[in-house]
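> Just passing along the structure, written as structure tokens.
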Amino acid sequence: MPLLYRKKGKMEQKTLQILEFNKITERLSEFASSEAGRGLCLKLKPTANLRHIGTWQKNTSDARDRIRLKGSSPSFRGVRDIGDILKRLEVGGTLSAAELISVSSCLTVSERAFSYGRTDSEEERKDSLSEDFGLIAPMTNINREIIRCIISEDEIADDASVGLASVRREMKKTVESVHEAMQSRLNACRDYLTDAVITQRDGRYCLPVKAEYKAKVPGMVHDASSTGLTLFIEPMAVVSLNNRLRELKSEENKEIEKVLKLLSESLVPYTDVIADNIRILRKLDMIFAKALYANELDAAEPEFSRDRRLDIRAARHPLIDMEKAVPIDVRLGGEYDQLIITGPNTGGKTVSLKTVGLLTLMAQAGLHIPAAEGSVMGVFDDVYADIGDEQSIEQSLSTFSAHMTNIVSILDKADSASLCLFDELGSGTDPTEGAALGIAILNFLHNMETRTMATTHYSEIKLYALETEGVENACCEFDVATLKPTYRLLIGIPGKSNAFAISRRLGLPEYIIDDARARIAAENESFEDIISKLNEDRYRTEKSMAEAESFRKDAEILRERLKKKEEKLETAREKILGEAREEAQRILREAKETADTAIRNINKYGEESNQAAAEAEREKIRTNLKETSGGQGIAVKGPSRPVSPKKLKIGDTVRVMSMGGVSCIVSSLPDKDGFMNVRIGFMNSKVNFREIELAGGNTGDKNGASEISEKKKAGPKTAAGYGRNFGAKSFTVRPEVNLIGKTTDEALPELEKYLDDAYLAGLETVRIVHGRGTGALKNMVHQRLKKIRYVKSFRLGTFGEGDTGVTVVTLK
């Protein structure tokens, strides 16, 4: 909802000049790409209509968003002021080639802008500019026809019309005939010519003939040189051709007129559309100029308060170099409606006034302001400023009189919807009277609740601000040590002029300074001392706050570093664990593949009674184990209880540690090199006694004989069955395995290991308990059994065996 004010007049031109708003519009116009857009920028003025301000600000923001998303601003170069041309079309006039080119230029820009305004992606959502872009009518077909027909202001294309093309073909042939005839005459009359060239006079081809040979070259004389020594004669042989060329030229002009008339008539129904296009393009050119200017200033869209409250954060004067401008924070309205700024000269007081005034004008003109996000601006009907030296010799006005004349005018017009800015209020006259006048003026405006900012050196006005509710002191900081202002605006603390400190720094004798100090009234000196103490306290407080903020930032940086370090460590840990899991899976796969291969080969060699091949296979497995262990940095485990060769007896049960601790029977005693034969099932293998240890329970020959006795007692059923009995494995393998409750992925490796163990243990029949359930485990078991070579057959259990929840397997 728009905020309604008592009046909505235009901003005073004098205020715009004092605050240098014209320099803002001049800089803004440099970002417009068309003359029409530049003209609109230069005419830009602030408004007090909040609805219009909101629309303009939104336009600027949306233009900045489009530039950011598309990477560039649209070019409006080519938009021209063709109002007079459109009026000629409306009354039925025919446009010249130059005028049609101007119209075409505007239509080309319209087509380009229409294309730029399309929002095809989700990110490019519709905004406040979409309607303007959508109202542009490109008129592509008419524009292309104009471009096709008109090459330049002085040239029409041959194919602009059939008639024009025909005339120009005949003209070309005629010109060629003229040139041939002229060349022939030139060759024949070369001795009579001043120069051997063909020239033109009044559009007719002539030869430059010496005056004394006029009779030798029959023809028409069209011109003579300034000396009369040369006559330009058209030979009789080409007169008829030149006449025909003249006729064709006239016909060409008529055809061109027809083309221009047709093109003009095609535009007549669209004069209003073209005028609307130009109006929209000019407006968009200014909007995108505002966006580009805002980007240059690193500006932000302000918020607007309905109670004319100002809260400007990190405000910079837009006409001061960004690298040099010192940001200031200004608050006005709310707790106080008047701000009295004090401090030494050249300290930044006037710049602060101008910054607030100029940013107010910019915001109300739809421009983003050079301030931080979240800055709040009030909307004022009028902004009044009394800044600078108003002395006028012509009007016999002193500085004080000129200022007072301006102030009288301001007081006559100002109200609660105004912003008033006074520089050095009450200066230029007796200090006592000037201070009294200043206080009275401020009190009058304070009673009207007029937002007011004023600068002063008077202590009386500082006291007025301290004692009056709704009036606040502020100062521009000044570094006495360097005699340089910091240009920081500090609200809540009155400033000092620092005249004594500056004078001492500049070399004024100390006795003069002491004399001046003694002449100051005690109450004034006490007031200045209070101000000094307040400044010192403020400095210490700000220093402490800055240190605390520095510590906080350091702690935040350390916290971020620690967080990143923990993330890196966690990532590295996950990576190492992942690689370890992958490596472990690879080793398990290789071990299983090696075991499967070994079992197949051992079975084959057992059937063929090929001991040498079996020994070679054993050595290959041992080598693979060593390589695998070495690759992982794991040493092969040696015997925990080394055995003495003298204590070994044939028939002892030992474990070969180099083969993973497999149990075997000693079949020969160690030789001089320590090698001995052992029997692993049906295989004989040669090992070194350093690789073995006695199996648990062995105490000598008695145990070995007992083992042999047990083996003989058991007796081999078949060669293959005996070959599958590895040590004590047969005593530990159960006749069934229970897979119920496991997934297929979990059950498969357990099934394979169980079948391998059962086969090596010499079991003939085993039971696999998989349950009924969904049938997934049963199907997996049966599929796997079909692929295992040592499985002779399998079937589902019968009644009493577990029915269909059990598979009975017969091994070879």
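The values are calculated or read from the model by the stated rules, or taken from the named source; none is laboratory data. Since we're looking at a predicted model, the values are computed, not measured. Neighbour counts are summed over all protein chains in view; Cβ atoms, including those assigned to glycine, are modelled from backbone coordinates with ideal geometry. The protein model used for the area step is the full one, side chains on, heavy atoms only, and it has no ligands, DNA or RNA in it. Shrake-Rupley method; radii C 1.70, N 1.55, O 1.52, S 1.80 Å.
> Classify the range 12-157 as rounded, prolate or oblate, taking a ≥ b ≥ c as the square roots of the eigenvalues of its Cα gyration tensor: rounded when a/c is under 1.5, otherwise prolate if a/b is larger than b/c and oblate if not. Intermediate values should be presented prior to the final figure.
On the way: a/c = 2.35, a/b = 1.42, b/c = 1.65.
It comes out oblate by the Cα gyration axes.
> Stokes-Einstein diffusion coefficient for the range 323-387 at 4 °C in a medium of 1.567 mPa s, Rh from the Kirkwood formula over Cα pairs: what value in µm²/s? Display every interim value, and only then the final one.
On the way: Rh = 13.3 Å.
Rounded, D is 97 µm²/s.
> If R₀ is 41 angstrom, what is the calculated FRET efficiency for the pair Glu131 and Glu155, using the beta carbon separation as r and rounding to 0.05?
Working: r = 40 Å, r/R0 = 0.97.
Working from the Cβ atoms, E equals 0.55.
> For a quick check: with amide H placed at 1.01 Å from N, whose amide H comes under 5 Å from Tyr487's, ignoring anything fewer than 5 positions away on the same chain?
Residues meeting the criterion, in which the H sits 1.01 Å from N, are Glu477.
> Now for a separate question. Roughly how many percent of the accessible protein surface of the range 1-116 is carbon and sulfur, given a 1.4 Å probe and a whole-percent answer? Please report the intermediate quantities before stating the final value.
Values: 3010 of 5690 Å².
Here it works out to 53 percent.
> Express the accessible area of the range 230-299 per residue in Å², computed with a 1.4 Å probe while the remaining protein chains stay in the model.
On the way: 3080 Å² over 70 residues.
Value returned for the range 230-299: 44 Å² of accessible area per residue.
> Still on this structure, I have one more. Could you work out how much longer the chain between Ser72 and Ala314 gets when fully extended? Use 0.36 nm per residue separation minus the Cα distance between them, nm to one decimal. Walk me through the numbers on the way to the answer.
Details: separation 242, 0.36 × 242 = 87.12 nm, distance 2.81 nm.
Contour length minus the Cα-Cα distance gives 84.3 nm.
> Could you work out the mean projected area of the convex hull around the alpha carbons of the range 36-98, in square nanometres to one decimal? Mind showing how you got there, number by number?
Details: hull surface 28.2 nm².
Taking the Cα atoms of the range 36-98, their convex hull projects to 7.0 nm² on average.
> Taking the simple approach of a point 7 Å from Cα along Cα-to-Cβ for both Thr140 and Thr468, what is their distance in nm?
6.7
> Just to check I understand the Karplus step: with θ = phi - 60° and J = 6.51 cos²θ - 1.76 cosθ + 1.60, what whole-Hz values come out for the range 358-367, glycine and proline as x?
In residue order, the calculated couplings are 5, 5, 5, 5, 4, 4, 7, 9, x, 8 Hz.
> Let me ask something additional. Among Lys14/Lys283; Lys23/Lys58; Lys23/Lys354, which pairs are too far apart, with a Cα-Cα distance over 20 Å? Please report the intermediate quantities before stating the final value.
Values: Lys14/Lys283 26 Å; Lys23/Lys58 23 Å; Lys23/Lys354 13 Å.
Distance filter (> 20 Å) returns Lys14/Lys283; Lys23/Lys58.
> Report D for the range 123-217 in µm² per second (integer): Stokes-Einstein, Kirkwood Rh on Cα pairs, 37 °C, 0.692 mPa s. Could the numbers behind the result be given before it?
On the way: Rh = 18.6 Å.
Diffusion coefficient, whole number: 177 µm²/s.
> Over the range 85-224, average the accessible area per residue using a 1.4 Å probe and give it in Å², no decimals. Intermediate values should be presented prior to the final figure.
Values: 7840 Å² over 140 residues.
Per-residue value: 56 Å².
> On to the next question. At 25 °C and 0.890 mPa s, what whole-number value in µm²/s does Stokes-Einstein give for the translational diffusion of the range 249-333, with Rh from the Kirkwood sum over Cα pairs? Provide the component values of the computation, followed by the final result.
Values: Rh = 18.3 Å.
The Stokes-Einstein estimate is 134 µm²/s.
> Give or take rounding to whole Å, what are the principal axis extents of the alpha carbon atoms in the range 147-192, in descending order?
50, 20, 8
> Could you tell me the relative contact order of the range 261-368? Use alpha-carbon pairs under 8 Å, at least six residues apart, and round to a whole percent. The partial results should precede the final answer.
Values: 63 pairs, mean separation 27.4, N = 108.
Dividing the mean separation by the residue count of the range 261-368 yields 25 percent.
> For Lys742 and Arg795, calculate 0.36 nm times their separation in residues minus their Cα-Cα distance, and state this gained length in nm to one decimal. Mind dumping the intermediate values first?
Working: separation 53, 0.36 × 53 = 19.08 nm, distance 2.11 nm.
The span from Lys742 to Arg795 would gain 17.0 nm if fully extended.
> Given contacts defined as C-alpha pairs under 8 Å and at least six residues apart, what's the relative contact order of the range 206-291, whole-number percent?
Working: 53 pairs, mean separation 17.1, N = 86.
Relative contact order comes out at 20 percent.
> Evaluate the range 202-354: find the radius of gyration of its Cα atoms, find its Kirkwood radius, and give the ratio Rg to Rh. Spell out each step's value before the answer.
Values: Rg = 38.0 Å, Rh = 24.7 Å.
Rg divided by Rh gives 1.53.
> Further question: Tell me which residues come under 5 Å, amide H to amide H, from Phe304 once H is placed; ignore anything under 5 positions away on its chain.
For Phe304, whose amide H was placed from the backbone, the distant partners under 5 Å are Met377.
> From the Cα gyration tensor of the range 169-280, with a ≥ b ≥ c the square roots of its eigenvalues, which class applies: rounded if a/c is under 1.5, or else prolate if a/b is larger than b/c, or else oblate? Intermediate results must be reported in sequence, preceding the final value.
Numbers: a/c = 4.33, a/b = 2.87, b/c = 1.51.
It comes out prolate by the Cα gyration axes.
> Still on this structure: For Gln183 paired with Ala165, estimate the spin-label separation in nm (one decimal), with each label point 7 Å from Cα along the Cα-to-Cβ line.
Those two pseudo-labels are separated by 2.8 nm.
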